[in-house]
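The values are calculated or read from the model by the stated rules, or taken from the named source; none is laboratory data. As the structure is a prediction and not an experimental result, all values here were calculated from the model. Positions of Cβ are backbone-derived with ideal geometry, glycine not excepted, and every protein chain shown enters the neighbour counts. Side chains included, ligands, DNA and RNA excluded: accessible areas come from the protein's heavy atoms. Shrake-Rupley method; radii C 1.70, N 1.55, O 1.52, S 1.80 Å.
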Amino acid sequence: MLQIAIIGYGYWGKNLVRNFYNLPDSKLALVIDQDANRLKTVQQLYPHVEVSTSIDDAFKNHNIDAVVIATPVFTHYALAKEALLSGKHVLVEKPMTASSAEAKELIDLALSRGKLIMPDHTFLYTGAVQKMKELVTNGTVGNIQYIDSTRINLGLFQPDINVLWDLAPHDLSICDYLIEQKPYSVQATGISHTNNGIENVAYLTVNYENNLIAHFNCSWTSPVKVRSMLIGGDKKMISYNDLEATEKIKVYDTGYDLKTEEEKTKIMVDYRVGDIYVPKLDGTEALSALAKDFVQSILHNQTPRSHAELGLTVVQVLEAAQKSIKQKGQEVIL
Ligand SMILES: NC(=O)c1ccc[n+]([C@@H]2O[C@H](COP(=O)([O-])OP(=O)(O)OC[C@H]3O[C@@H](n4cnc5c(N)ncnc54)[C@H](O)[C@@H]3O)[C@@H](O)[C@H]2O)c1
């Protein structure tokens, strides 16, 4: 039985506590939050779980095998580092760290200590993303040519990170998982409508080799909530609408063929508009599958689906995007 401590019982920490509490092969032993009031709820809901306001109760406790960090982004690096130095495995919320140098240091530290460090990219465990991965891997989609994602709503303005750091990790992790290719450059623009300079609207373009492009529209200031992604393959195209209850994924037999025998200046296109297929999706709660992957990866010394190198790539893209925004959209090579 792995003994787990969770640090941070805020909006997302509550979901982690619920899922780890119900997980086999591990025991949720301790929940820590610097806010004692939040811990009262833990005591009411989970009377057998210890609570504390001191992180040392996790780090100095030899019975704790693994620590889950669900605190704000700027605290991830220091808490994860201390956990690894104390001999604990670590699950850290997305984005893994506030800089790629920090993420690399944590990966090296985990490696040298023989411990697992895993970022929480929850979307990789959803039925929708699993189905898209299957459709890409089994060749149904063909070569991916573009990904176009919109993640906008009237969102909570974050005091420490811009809208890309808040929302884009979801889309960037999905892209990395589906494409399995490192991007080579990014271009981003964004704007802040507050006096703290933190962008609340941003547009990010990620460039890959092989004529593949990905675009992300992220906003906390939209009148409507949209969570949609288009994946254009040369055989099939996918529409992923995360707000749909049952028909999140639609597979379109849509495409085109270019005629090459025509004179070079004139492009002739043959369009194909065929059937639309709506696959059935696995309805397991993504966070429960992620928690299980974390525990099983520790127990069997395996690489989890949401692995540290993927978490690092996400941070590298976000960092480059931040630089590009400050340089008015200039291309930044990764
Ligand atoms: N995977 C996902 O889909 C997902 C969704 C939402 C948030 N998140 C991530 O989860 C993390 C937390 O976000 P949130 O929205 O839950 O924030 P939150 O502000 O609601 O909760 C953070 C909690 O951490 C506590 N805390 C902060 N610093 C601490 C410290 N040093 N020691 C102990 N407790 C401390 C706070 O008191 C608070 O209760 C962020 O990294 C965010 O990006 C991930």
| task | Six or more apart or on different chains, Cβ under 9 Å: which pairs go from a residue in the range 69-82 that's more than 22 Å from GLY114 (Cα to Cα) to one that's more than 6 Å from the ligand (Cβ to nearest atom) and in a strand (DSSP E or B)? Could you list them? | result | ALA70/ILE6; ALA70/LEU91; ALA70/VAL92; THR75/ILE69
| field | Residue ID - nearest to the ligand (Cβ to nearest atom), chosen from residues in the range 68-78 that are closer than 16 Å to ASP108 by Cα and open to solvent by 20 Å² or more (accessible area, probe 1.4 Å) | value | ALA78
| remark: In the range 271-307, anything part of a loop (DSSP other than H, G, I, E, B) and of a type in the set (A, V, I, L, M) is listed as VAL278, LEU281
| task | Report yes if some residue within the range 105-115 is within 29 Å of LEU212 (Cα to Cα), of a type outside the set (Asp, Glu) and within 16 Å of the ligand (Cβ to nearest atom); otherwise report no. | result | no
| remark: With criteria (1) among the hydroxyl-bearing types (Ser, Thr, Tyr); (2) part of a strand (DSSP E or B); (3) open to solvent by 20 Å² or more (accessible area, probe 1.4 Å), THR194 comes up short on (2)
| Cross-chain or 6+ apart pairs with Cβ under 9 Å, the range 6-23 first and closer than 17 Å to SER52 by Cβ and among the β-branched types (Val, Ile, Thr), then more than 8 Å from the ligand (Cβ to nearest atom) and assigned to a helix (DSSP H, G or I) | ILE6/LEU16; ILE6/VAL17; ILE6/PHE20; ILE6/ALA58; ILE7/ALA58; ILE7/ALA83; VAL17/VAL42; VAL17/LEU45
| said: Considering only residues that are surrounded by 15 or more Cβ atoms within 10 Å (Cβ to Cβ) and either at pLDDT below 95 or basic (Lys, Arg) (or both), which ones fall in the range 236-259? | reply: LYS236, LYS248, LYS250, THR254, GLY255
